[in-house]
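Some notes on the structure that comes next.
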Amino acid sequence: MYLNKLRSTFLFFLVFAIWPFCACFGQEKLSIPRIDRSLIKIDGLIWDLDLLQQTPGFTYVDSTSNVRKILFDGPDHNGGSTKVFAFYSNPDIIRTGKNQGNTFPGVVLISGGDQGAMSEWVQRWAHEGYAAITCDYGNTQMELGRGPILKNSEERLAIIYDSIAKGPKAVRGYRTAAIAVLAHSLILSFPEVEKNKTAVTGISWGGFQTCIVSGIDNRFKAAAPVYGCAFHDEIIFKRYFKNLTKEEMALWMAKIDPKNYLPFSQCPTLFINGNKDGCFDILPFDKTTKLIPEKNRFVRITPNMGHDHPDGWRPREIAVFFNSIFKDQIPLAKITAVERTDNMIKFDYKSKVTLKNANFYYTNDTLNINADRTWNSIPAEISVGGIECTGPKEGFVMGFLYVTDIMDLGVSSELIIN
């Protein structure tokens, strides 16, 4: 009896001792936002959002550098588990080498094409005041056994397109989006990341993926796809569909293309592209922007913008856009309406900063591919009441207004199509 009483007393004090830790653990789990699945009205969604919104297991490969190296548990591939390599940093780590108890908005960065994880991109966002993570989405730098290892460009193209023959989950578009959502879940578990202030941005193929991720992970409060857009069967990469059967192409478009997911995005989104981009045609890009409500739609069609990662992360407008949402800073200008009369084009706009320059860019070139299309421009006049210009004498097939403010920040109207 004495031993039983002693055992009961011991168990009582043991429970009393560990209860605060259990309670704290539960509170931490509850503090991480969850995806609202009810807002994503898709039957047969290929991503398991219940699984992806859980914090993945992770280890630090490097926990002392100003940009940390992380391995976290990735989505299964061909029935086996994988690890994902990532770079992570925040302003405290950049400045002092360790967390100092401050909190920051977070950003998930999605690279494009064959590009692996880029430390520089993370550093840039940490200097902007963000906790930033980017991953080796294509596993181009991974050691054997950590994920699907792609040896050459043919294999990388195959996993984007031909792999649909094995089902949608074999396609890189599935895996990249899954990794991005897991990366989001990971940084949301970090105490320094502000739970309701996270954004996603991606470049090229990463912009394509951003259009998917912002639609299926509504924990994001802002997005900025650069170049990449939906309607993959209308851009230059449609040539890779030639290896697919009609059924496989239809399945790819139904399960992978962002047009199926972007309409469920709940967040303000800044769409950036060049008018002569060689990968993502301006027409499907314009259709993509219109998949979300006008109030959440912000556009920057950039005259003669180059296409690579530095050109894609260089626009200061992305950070200004995110800062206006998360830090209550001055927002970008926005072209809010267009009106056409007999020979005039008039634009309404909102801007907290004085606009200094405006030009209307237009084309009548319907023969050349997007990258080779000839564009012309005419100046537009800025006034307090709006912006206007005389329509081109020769008319135009499509055009857009591009404006800059006194801070040299640029935005555009949406594409105007005759």
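The values are calculated or read from the model by the stated rules, or taken from the named source; none is laboratory data. Just so it is clear, the structure is predicted and the values come from calculations on it, not from any experiment. Here Cβ is always computed from backbone atoms with ideal geometry, including for glycine, and neighbour counts include all displayed protein chains.
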### Query
For region 92-105, does any single residue satisfy the condition of being in contact with a Gly (Cβ under 7 Å, 6 or more places away or on another chain), under 17 Å from VAL193 (Cα atoms), in a strand (DSSP E or B) and in the same structural domain as TYR161 (by TED's automatic domain parsing)?
yes
### Query
Out of region 394-418, which residues are part of a loop (DSSP other than H, G, I, E, B) and of a type in the set (Gly, Ala, Ser)?
GLY395, SER413
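Given the structure, is ASN260 surrounded by fewer than 22 Cβ atoms within 10 Å (Cβ to Cβ) and either in contact with a strand residue (DSSP E or B) (Cβ under 6 Å, 6 or more places away or on another chain) or on the phi < 0 side of the Ramachandran plot (or both)? Let's see the steps before the verdict.
Numbers: surrounded by fewer than 22 Cβ atoms within 10 Å (Cβ to Cβ): yes; either in contact with a strand residue (DSSP E or B) (Cβ under 6 Å, 6 or more places away or on another chain) or on the phi < 0 side of the Ramachandran plot (or both): yes.
The answer is yes for ASN260.
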### Message
I'd like the full set of residues that are of a type outside the set (Val, Ile, Thr), farther than 13 Å from VAL181 by Cβ and surrounded by 14 or more Cβ atoms within 10 Å (Cβ to Cβ), limited to region 31-59.
### Response
PHE58
### Query
Within region 301-351, restricting attention to residues that are hydroxyl-bearing (Ser, Thr, Tyr) and assigned to a loop (DSSP other than H, G, I, E, B), which residue is nearest to GLY202 (Cα to Cα)?
SER351
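Return yes when ALA358 is touching a Leu at 6+ places or on another chain (Cβ under 8 Å) and in a strand (DSSP E or B) and no when it is not.
Working: touching a Leu at 6+ places or on another chain (Cβ under 8 Å): yes; in a strand (DSSP E or B): yes.
Against the criterion (touching a Leu at 6+ places or on another chain (Cβ under 8 Å) and in a strand (DSSP E or B)), ALA358 qualifies.
Return the total of residues in region 361-388 being assigned to a strand (DSSP E or B) and in contact with a Lys or Arg (Cβ under 6 Å, 6 or more places away or on another chain).
3
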### Message
Please count how many residues of region 243-268 are over 16 Å from ALA165 (Cα atoms) and among the hydroxyl-bearing types (Ser, Thr, Tyr).
### Response
2
### Task
Those residues that are in a loop (DSSP other than H, G, I, E, B) and under 23 Å from TRP47 (Cα atoms), I need them from region 245-267; list them, please.
ILE256, ASP257, TYR261, SER265, GLN266, CYS267
### Task
Test LYS327 against the stated conditions and say whether it is more than 29 Å from PRO263 (Cβ to Cβ) and either touching a strand residue (DSSP E or B) at 6+ places or on another chain (Cβ under 6 Å) or among the charged types (D, E, K, R) (or both).
no
### Message
Quick check on my filter: what residues within region 271-300 are touching a residue at least 12 places away in the same chain (Cβ under 8 Å) and in a loop (DSSP other than H, G, I, E, B)?
### Response
ASN275, LYS276, ASP277, GLY278, CYS279, PHE280, ASP281, LYS290, LEU291, ILE292
## Note on the structure
Checking ILE387, ILE378 in turn, the sole residue that is at pLDDT 95 or above, under 32 Å from the mean Cα position of the chain (by Cα) and hydrophobic (A, V, I, L, M, F, W, C) turns out to be ILE387
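If we keep just the residues of region 342-375 that are polar (S, T, N, Q) and more than 16 Å from ASN418 (Cα to Cα), which is surrounded by the most Cβ atoms within 10 Å (Cβ to Cβ)?
Our first condition is that a residue be polar (S, T, N, Q); within region 342-375, this holds for 343, 351, 354, 357, 359, 363-364, 366, 368, 370, 374.
If we keep only those that are more than 16 Å from ASN418 (Cα to Cα) as well, we get 351, 354, 357, 359, 368, 370, 374.
Details: SER351: 18, THR354: 10, ASN357: 14, ASN359: 17, ASN368: 11, ASN370: 21, THR374: 10.
My answer is ASN370.
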